[in-house]
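The values are calculated or read from the model by the stated rules, or taken from the named source; none is laboratory data. The structure displayed is predicted, hence computed values, not measured ones. Positions of Cβ are generated from backbone atoms using ideal geometry, with glycine treated the same way; all protein chains shown enter the neighbour counts. Side chains included, ligands, DNA and RNA excluded: accessible areas come from the protein's heavy atoms. Shrake-Rupley method; radii C 1.70, N 1.55, O 1.52, S 1.80 Å.
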Amino acid sequence: MFTEKGFDVIVTADDDGVHEVAAELGKDGTTARAVQADLTTPDGVQDLVDAVHGHGRPVDALALNAGVGQGGPFIETPLDGDLEVIALDVVAPVRLAKALVPDMVGHGSGRVLFTASTASLMPGPYYATYAASKSFVLSFSEALRHELKDTGVSVTALLPGPTDTAFFERADMTDTPVGRGPKDAPVKVATEAFDALMAGKDKVEVHSLKTRSQTAAAAVLPDRAKAAMHAGFTKPSDE
């Protein structure tokens, strides 16, 4: 969406495919630079920050979308996997925001997008660290939005529902009801997210009617009931 609207972009991922993505994006006539970096590490975050600063131009829009989950009962999942979720979903966006947002404020303009999730709205059994990390992202983005309200920099939180990406395979959640169920198209999520970001909205929820009814119900349920409802979608079939 960014290159279609004339933005030059810097894109990052931890695998070689990021270079192919950048090449494809550059076909729109804009500049697309790839940074292959592991954002679960301080060095990886710094590599991305250095690339942004080295570009020599103000940042007009910052989309902090990287995220990962780990499915399964918490007492059975490997600790390293849970710590990776926290490092990528919580620590990395805080590091990047700390490094890049002050300059945006200094220029008096900019748009910041944090990708949370509808999972942030309720406890998430069977991917507990993921749901908790997205709750952090939502709270953090809303707090930062308030702090920056008079600076010319807006902060938008994206709350997608199940989306047809590699998330469920990477999180080992293909054997769950949500992993097997219907999902929104990535282009739908990206389009609505971009429009909300450019409009300076505080948050945007992108999900199907079924998911929308579930989150509406969660808004009036006690936490114990929310957790039970959520578990119905995330519990592995062999549990």
Can you tell me which condition residue 79 does not meet? The list is (1) surrounded by fewer than 15 Cβ atoms within 10 Å (Cβ to Cβ); (2) modelled with pLDDT under 95; (3) of a type in the set (A, V, I, L, M, F, W, C); (4) closer than 30 Å to residue 128 by Cβ, and all the others hold. (2)
Checking residue 129 against (1) modelled with pLDDT under 95; (2) buried (at least 20 other Cβ atoms within 10 Å of the Cβ): exactly one of these is not met. Which one? (1)
Name every residue in segment 19-32 that is closer than 21 Å to residue 46 by Cβ and surrounded by fewer than 18 Cβ atoms within 10 Å (Cβ to Cβ), in order of residue number. 19
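One line per residue, one yes/no per condition, for (1) at pLDDT 90 or above; (2) open to solvent by 50 Å² or more (accessible area, probe 1.4 Å):
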residue: 193; (1), (2): yes, no
residue: 202; (1), (2): yes, yes
residue: 208; (1), (2): no, no
residue: 211; (1), (2): no, no
residue: 215; (1), (2): no, no
residue: 223; (1), (2): no, yes
residue: 227; (1), (2): yes, no
Scan (1) more than 19 Å from residue 37 (Cα to Cα); (2) open to solvent by less than 70 Å² (accessible area, probe 1.4 Å); (3) over 17 Å from the mean Cα position of the chain (by Cα) for the single condition residue 99 breaks and write down its number. (1)
Just the residues that are over 24 Å from residue 144 (Cα atoms), in a helix (DSSP H, G or I) and either in contact with a Pro (Cβ under 7 Å, 6 or more places away or on another chain) or free of Cβ contacts under 8 Å to residues at least 40 places away in the same chain (or both), please, taken from segment 48-82. 54, 79, 80, 81
